[in-house]
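Heads up: the structure comes next, in structure tokens.
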Amino acid sequence: MAASTLTRKGQTTIPLKVRSHLKLRPGDKIEFVIQRDGTVVLAPKNVDVRQLRGMLGPVRRRLTIEQMDEGIRSRFARR
């Protein structure tokens, strides 16, 4: 079990074992979630962008910038 000491200012150091498990790096944000039973869960707030892949569904096709610009122009022309 990893443990830490709280300073007078309310600060603490997250033990290396926990930081490594959560893949935390300097500058990362963490969230403290209070559960209904009173336990507190420490969770990384940062999400690696690679974890978001496929979240919106499969990629249909790749477009060039010019194709995107043309699509935007044609959409606004219909308004």
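The values are calculated or read from the model by the stated rules, or taken from the named source; none is laboratory data. The model shown is predicted, which means the values in this text are computed figures rather than measured ones. Cβ placement follows ideal geometry from the backbone for every residue including glycine, while neighbour counts extend to all protein chains displayed.
Counting only residues that are modelled with pLDDT under 90 and of a type in the set (S, T, N, Q), segment 1-33 holds 0 of them. The set of residues in segment 34-79 that are modelled with pLDDT under 90 and small (Gly, Ala, Ser) comprises ALA43, GLY54, GLY57, GLY71, SER74, ALA77. Within segment 24-47, track down each residue that is part of a strand (DSSP E or B) and without any contact (Cβ under 8 Å) to a residue 12 or more places away in the chain. Once the filter is applied, which keeps residues that are part of a strand (DSSP E or B) and without any contact (Cβ under 8 Å) to a residue 12 or more places away in the chain, segment 24-47 yields PHE32, VAL33, ILE34, VAL40, VAL41.
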